[in-house]
Each structure stands twice: as C-alpha cells, then as structure tokens.
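Presented below is the structure to which this report refers.
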Amino acid sequence: VGIFGNFQHLKWEVAYDVGKERVGFSPSAC
Amino acid sequence: KDTADTRHRYRPHIVKISSLLASNVCNPITEAPHHKKATLKVVHKHGPCSHLNQLGDQKMSASDEIKLLEQDQLRVNSIHSQLSKRSGDPGFRGPKSTKSAIPVRSGQTIGSGNYIVTVGLGTPKKQLSLVLDTGSALSWTQCEPCVRYCYAQKEPIFKPLESTSYANVSCASELCNALESTTGVSPGCITSTCEYGVQYGDNSYSVGYLSKERLTLTSSDVIENFYFGCGQNNRGLFRGAAGLLGLSRDRLSLIFQSGKKYGRYFSYCLPSSRSSTGFLSFGYRRPRKAFKFTPLSSLTKDTQFYGLDMTGISVGGKTLPITASVFSKAGTVIDSGTVITRLPPKAYDAVRKAFRQLMSDYKAAQSYSILDTCYDFTGVESVFVPKISFFFSGGVEVEVDVSGIIYAVSQSQVCLALAGNGDDSD
C-alpha cells in the first residue's frame, strides 16, 4: 500500500471518526 | 481562469531555509485548542519539547537522522508485510529505491514512532510517556518487577503493586482470547493470568501480563478498567518512552475501549516542527475550520489500519496524469507513525519528475537515505518550493504544508520528503 505519512500531516488536524468510518482533515495553526 | 483560487494554486511557497532547520529551543503552541473533551499535549520524541530527549539541547547527529529514516522504512516494510499476509500476497519485495536493502520481518508495526503523549496510569496515578500509534492496538507499558528485562526509560517504571486499581486479566477472559487477532501472537497463560506478546517490525517486542487499570488522560477524563499490557520483558528501539498508546481500529485499542465516552472519535495535530507542540484529542470538538471527510477504504476493512482512497496528486498546481488504477491497485493507509509518505512507484515517478522540473534552477545534491531528490541551498537565503496536494475520495484535497514538502537535513542537503514503494502492488 501507499502510506500517507505524518510529515505530510503537519499543519493539518486529522480526525478519525471511527464510528462513521471516515477520516477528516482541517487546516490548523498547530 | 485567472481566479484567486488558481493564482493561489500555482503560486509556489517562498521558504527561508533557516526556518526549516531544527531549532534547539522549545516553542510550544501558545493557543490551546478550544475543546470540551480530553486533550493531551503531543511532542516529538527527539525535539527540545520532549523530556525524553536524550540529547538535551544538542541537535541530533547526521547518523541519528539517517537512522530515523531507516527505521521509517522498517515500519513501512512491517505494514506491507501485515497487509500482504491478509491479502494472500506471497511476500513483500524490498524497496528498489533504497540503496541498502533492509531485511523484512513480519510483525506489528515498528514501536519506535516519533510522537509521544503523557498519560497517568494507576491509583495514585503515575505519569508515563507513551508513543502515539494509529498502526497498532494494544497499549502497553513496562512494569516492575521486569521479570525478564526492561530497557531504560526516563520516568520511573510502573509498579502494579503500588496501585490500588490494578488487576490482572484471567486466561478465561474473552479479551485474552481476542489477543491473537490483535497482536498476531497467541496469548499464554501463567498461573491463570493472561500473557500477551507483541513483536514489532524491527524485532522490538514486549511480553507481559494483560491487565486492567485506571487510565487518566486529563484531570477530568479518566477511563476505568482500561485493558493494557504490563510488560515484563521489553526490548527494542523505544528510546526512553515508557511504552505505546495503541489507537488503531481494533477492540483492544484505546479508541474502542473509550468508545462509549468519546464516540470512537479522536483527532490529532502533530507539532509542525520538532521544537513545537501539538495535541491529541478524544471525542468530537469543533475545529476552527471545518473538516473535510473522506471515507475509510474498504481495502483495509478487516485490518487494524485506517485505509484511505487516494485519487490524485498535484504538483505546482497541476494535477499529474496518473491513472486511477495506480492508486486503487494497492490502496493507501494513513499512519501516524510513518514519517515519509510512500507512493506507488508510478505515482512517485510522476511527482518527482514534476518537482524536479519546477526546481531545476537549484543545484542538486546527493540523495539522503530513502530521499532521492535533494538540493544544495548553500548561500541561498530563500527558495521557491512548488505546492503539492493529495486528493482523496469525496473530493478532499490536502494541500501539504511546506514543512511537509521538504526535509531539511542541512543547508546543503534539503530533500523532497516523499518516497516511492518498491512495487506498484505494495
């Protein structure tokens, strides 16, 4: 598989909505 | 079309090279996320914000930096190995892009992830720094008396005998029987106590008692009867961390164990540099900007991993001509513990070609570990770096921050922070 690694998550908040089986991305200042 | 959106898309990042090089000073985020649910601080294990940083104020050496990327490849191999076993693939083929072949071992994902959070365990609670891992399920910490072996950790090792809320789990427990599907290792039974074993892709491992205990995330967020591994024989590359916090898609992970409280919802924002801090949050909280959601992929439905359907990539504002089957053939997982994104070879070749074209004014430098597109910016103050976006099903675009496009080893070696897999079916 391809892997979307953590270096590319920087400055994004990543949400794991496991109940609804989805992953979300939101730009973040962090 | 000359719209603000297209102008933004094509406009490159302008980057001061000095801003990309690691700082020795911790600059925590000043603004805590507005939340109602449990939020923990996340730090990079090797940065100045981490109390586990063995090097104090010193920067990591070049050889330590190389080791980090080699360990990253071990983790990737481990993920491939696990998914190959599930899909019946006869075996994993080593990466063609790396110069030195790294031996492949099956097992859980490597335990040496880079981000840690500090939680409280037991009554009275003891602070423990655990590696955050969305790629594995079982949380564990080293436990005294360390019947066989405990590696050196920064905080005092957890002592079950000093906690009033600790209990071993019996071999007859349903969760004990579930261990094999969680860890891939059959549970043992010692004087009626359930024994777990978990081995990671680099041969790191933890063996001990399956136990339950009070887990304190924050002063107002406590999980009673949290099942975890109380490690009596622990070896590997955990480097000062007290253990691991498993966040994968499995009934034994923290996410499922705290499902009633937090609705199986968590989010993280990783520190944008090693000298900054981020957060890990449980339960829904409204972000400043709305989330764009993509469904979990059916390809990884029966695995612990969070699979996504990547549909395309753009470099410098232009969507690359990569056929959809290149992404769908192998699939994609999102992993908090893998550092560098791995792409199918055909996709990576297209990204590299486009990136090199747009960076052709700059002097090339030799490759660095798994990173094969590097530049020498000696004497250069600022550079233009093309934007890169990943697209996922549901119309979700993740425009990678510039801090995630280039990996700065030194002023004379700044590399594209992406790599290719060895085979399109990986």
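Rg and Dmax of segment B:298-426, both derived from C-alpha coordinates alone, stand at 15.1, 51 Å.
Taking the Kirkwood radius as Rh and the Cα radius of gyration as Rg, segment B:228-365 has a ratio of Rg/Rh equal to 1.02. First check a/c for the protein assembly as shown, with a ≥ b ≥ c the square roots of the eigenvalues of its C-alpha gyration tensor; if it is under 1.5, answer rounded, and if not, answer prolate when a/b is larger than b/c or oblate otherwise. It is prolate, given that a/c is not under 1.5 and a/b is the larger ratio. Counting only DSSP H runs of at least 4 residues, each contributing -39500 (n - 2.57), and dividing by the residue count of the protein assembly as shown, the helix-based mean residue ellipticity at 222 nm comes to -5000 deg cm²/dmol. Backbone geometry of segment B:365-374 corresponds, through the Karplus equation with coefficients 6.51, -1.76 and 1.60 at θ = phi - 60°, to 3J(HN,Hα) couplings of 10, 6, 5, 9, 6, 7, 9, 10, 10, 10 Hz, x marking Gly and Pro.
Ranking B:ILE66, B:THR191, B:TYR10 by Cα position along the charge dipole of chain B, where only Lys, Arg, Asp and Glu carry charges on their C-beta atoms, puts B:TYR10 farthest toward the positive end.
Classification of segment B:162-269 by its C-alpha gyration tensor yields a rounded form. The axis ratio a/c (a ≥ b ≥ c) stays under 1.5. Axis of helix B:174-183 versus longest Cα principal axis of chain B: the two differ by about 30°, to the nearest ten degrees.
Ordered by the count of other Cβ atoms within 10 Å of each Cβ, fewest first, B:THR182, B:THR134, B:THR3 give B:THR3, B:THR182, B:THR134. Against the empirical curve 2.2 N^0.38 Å, the C-alpha radius of gyration of segment B:291-356 lands at a ratio of 1.18. For segment B:108-193, the gyration tensor built on C-alpha atoms gives an oblate shape. Its axis ratio a/c (a ≥ b ≥ c) is at least 1.5, and a/b is not larger than b/c. Kirkwood analysis of the Cα pair distances in chain B returns a hydrodynamic radius of 22.6 Å.
Quick note: the coordinates plus some simple rules give every number you see, no bench work behind them. Remember, predicted model here, so these are calculated numbers, not experimental data. We place every Cβ from the backbone using ideal geometry, glycine too, and count neighbours over all the protein chains shown.
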